[in-house]
Amino acid sequence: MADKILVVEDEPVLQETLVYNLKHQGYEVDTANNGQAAIDKAKEINPDLILLDIMLPGLDGFDVCRILRKDMNVPILMLTARDDEIDRVVGLEVGADDYLTKPFSMRELIARVKALLRRVHSMQSLNTQEDATNIILQFNNLIIDETRHEVKIDDQPLDLKPKEYDLLLYLANHKGHVLSREKMLKDVWGWNYFGGSRTVDVHVRWLREKIEDNPADPVRIITIRSVGYRFEG
Ligand code: CA
């Protein structure tokens, strides 16, 4: 079954070019021209990936990304036209999975799309295996239920963003290992993500705020100076 891609782009020529090239690759493609239409369409068709332009009439791409992220886990590849937008995307304030700066080549776009979808599919097959085995990881009062994608401390569910959950699960599966930022970036973000080590540090900080008693003096996720991190449980 073909993957479904929602293209959110208000420039008609670029939208047409994107649609043409993605269809040529065998994807099923749907479009939206503005922010609200993008949200409605995404909820209606439940796409496998969203290409999201930032400068849109009405709600902009940042708004759309934030709103969709509340209840959809779909990968979002943002299209930016200005350098000053990159920080917000890379800082993951909005939770985009990747971005491309205009102008970009269709070859590059297709490569990014394929990489993101590959990552999603490998996660899905992992989840299916977990469903059958109902894996629960426990570290004192911290419990990770992989089947339910649920994390609890003292039986209280934590509100983790999808990437925070992925990172925690990754750390938990590598308890006691010293992990470099580069390795974490590659393994959790799936490939050579542009955000670099800052992405890892930002997520570790967010995670510490949720799972450490005292985030300023962490005992679960230890910083290994000039290398990366180690999860102690
Ligand atoms: Ca635009």
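The values are calculated or read from the model by the stated rules, or taken from the named source; none is laboratory data. None of the values given here were measured: they were computed from a predicted structure. All Cβ positions, glycine included, derive from the backbone under ideal geometry; neighbour counts span all protein chains shown. All accessible areas refer to the heavy atoms of the entire protein, side chains included, with ligands and DNA or RNA removed. Shrake-Rupley method; radii C 1.70, N 1.55, O 1.52, S 1.80 Å.
General observations
- Close pairs (6 angstrom Cβ cut-off, 6 or more residues apart or separate chains): part of a loop (DSSP other than H, G, I, E, B) in segment 68-87, of a type in the set (A, V, I, L, M, F, W, C) and more than 16 Å from the ligand (Cβ to nearest atom) anywhere: Pro75/Leu49; Pro75/Leu116; Pro75/Val120
- Just one of the numbered conditions (1) open to solvent by less than 30 Å² (accessible area, probe 1.4 Å); (2) of a type in the set (Asp, Glu); (3) at pLDDT 85 or above; (4) farther than 21 Å from Asp98 by Cβ is not true of Glu164: (4).
- Exclusive hit being under 29 Å from Arg66 (Cα atoms), outside the structural domain of Leu77 (by TED's automatic domain parsing), out of contact with any Leu (no Cβ under 6 Å at 6 or more places or on another chain) and open to solvent by 60 Å² or more (accessible area, probe 1.4 Å), set Arg205, Arg181: Arg205
- When residues in segment 1-35 are screened for being open to solvent by 80 Å² or more (accessible area, probe 1.4 Å), charged (D, E, K, R) and more than 20 Å from Ala115 (Cβ to Cβ), 2 of them pass.
- Of the residues examined, Lys70 is one that is open to solvent by 10 Å² or more (accessible area, probe 1.4 Å), away from the ligand (no atom under 13 Å from the Cβ) and under 26 Å from Thr199 (Cβ atoms).
- The residue pairs whose first member lies in segment 22-50 and is in contact (Cβ under 8 Å) with a residue 60 or more places away in the chain, whose second member is in a strand (DSSP E or B) and open to solvent by 90 Å² or more (accessible area, probe 1.4 Å), and whose beta carbons are closer than 9 Å, counting only pairs six or more residues apart or on different chains, are Leu22/Glu28; Asp48/Glu28.
- Residue match in segment 36-48 (condition: more than 18 Å from the chain's Cα centre (by Cα) and open to solvent by less than 30 Å² (accessible area, probe 1.4 Å)): yes
- Hits in segment 201-233 - residues which are in contact (Cβ under 8 Å) with a residue 24 or more places away in the chain and over 19 Å from Ile144 (Cβ atoms): Val202, Ile224, Val227, Gly228
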